[in-house]
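The values are calculated or read from the model by the stated rules, or taken from the named source; none is laboratory data. Quick caveat: nothing in here was measured; it's all calculated off a predicted structure. Cβ coordinates were reconstructed from backbone atoms using ideal geometry, including for glycine residues, and neighbour counts include every protein chain displayed. The protein model used for the area step is the full one, side chains on, heavy atoms only, and it has no ligands, DNA or RNA in it. Shrake-Rupley method; radii C 1.70, N 1.55, O 1.52, S 1.80 Å.
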Amino acid sequence: MISNTSQVLTNEEVSPVTLNDHWSRLARLILLASMSAVGSVGNVFMMSAVMIEDYLRKRGNTFLVNVGLADLLITGLVIPASAIVILAGLKDSLGVCKFQWFVAAWCFLVTVLSMAAVACENYSRLCYSIDVYHKLTKRKITVILLMIWTGCGIISAIQFYADLSFDYCTRKDLGLDPYQLTVCVIFVLFPLTVTLFCYIRTGYQVRKLKSRPNYKAAITFSWDCALTQTNIYSFVLFLLFWVPFGVILAVDNINKVSDKVFYNLAWLAISKSCINSIIYGILNRHFRSAYVNLFQYCCCKTTVSFSRRQRPEGVRPSGDVRVHIIPGYNMYCSPQRANEGGRSKRCASARTNGREVYEL
């Protein structure tokens, strides 16, 4: 039953906002706060990794940042809203529920389209010449991203504010209308099919290339293959978390599904945004290295090493650059040099074992 004003009530004591009422308030609060904290930090690390890691700093990886941004909105807005409602001891608010699932639907569509763009970019990077890949300019990427966010935002707003699709909060049965079916086919099924096709085609082309006799892949090509493989695992993870809810949503149009199953699978799908960044840290060495450097920078507050990877043959690799954060602390300076001229002349720039050290 749904009131006409501000509360969302269900028949099985399962709330779309505050989870299962059989759990204690403290348990639900700790769970949601932990999901929000871990997911938000992980998504910030994922987006920052593309900025600080030399290999990841490519224009095509902007689509990966877009996926991380969509996940960050989930972990930074949707999940904390439920935690605030529980902490305040309020009843389930229909306004909060609509806001949560408007943002969730928006970010879901953005993620689907961004993953399709990632798959196409990986296919272009691995299977075509560098001239073809360079046609993906910064201006084109900016236009694509703006179109994705604007288009998905309009679609989500129409669904939730014009009652042209299912109502997640009230579960009002609207049937399978043409608008809902069109959005599902064009903005969900088609991009997922494109993503799957690109990854299958890329795997086939790379395997065919590596099977050639006397073929020796460049180090950057191997890194591209490793990143593509990580993107495939992320896509599979997305399917594992969202497909069950999509199936239940389709079945619900034919035969009513219990609130308990419906909302539990919905929150399972939402929780994907909390662990996607962890998958990249576990499976990809460049993301893992960037995470370690970011953790040292944020938590240790002493030094951080952003090391540059070795370039292909013929290009001189550069050394590590260590930046000191605490004034007056420079473990790489000799005591003799540190004492010369007092504090004002302390080793502002030193070279130890071929590495440049700077103190801020």
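Tabulated data for the structure shown
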{"item": "Restraint check, LYS98/LYS172; LYS58/LYS135; LYS140/LYS208, Cα-Cα greater than 19 Å", "result": "LYS140/LYS208"}
{"item": "Pairwise label distance in nanometres, ILE52 with ARG139, each label 7 Å out on the Cα-Cβ vector", "result": "3.4 nm"}
{"item": "Size of electric dipole in the stretch 20-144: Cβ of Lys, Arg +1 and of Asp, Glu -1, about Cα centre, debye, nearest 20", "result": "320 debye"}
{"item": "Solvent-accessible surface ranking, highest first, for MET46, MET35, MET51 at 1.4 angstrom", "result": "MET51, MET35, MET46"}
{"item": "19 Å reach of a label modelled at ILE282, 7 Å along Cα-to-Cβ, counting backbone N of the stretch 17-50", "result": "34-47"}
{"item": "Cβ-derived FRET efficiency at R0 35 Å, LYS210 paired with ALA157, nearest 0.05", "result": "0.15"}
{"item": "Exposure rank, largest accessible area first [VAL17, VAL236; 1.4 Å]", "result": "VAL236, VAL17"}
{"item": "Cα lying deepest toward the dipole's positive end in the stretch 184-259, options THR228, VAL257, LEU240, charges on Cβ", "result": "THR228"}
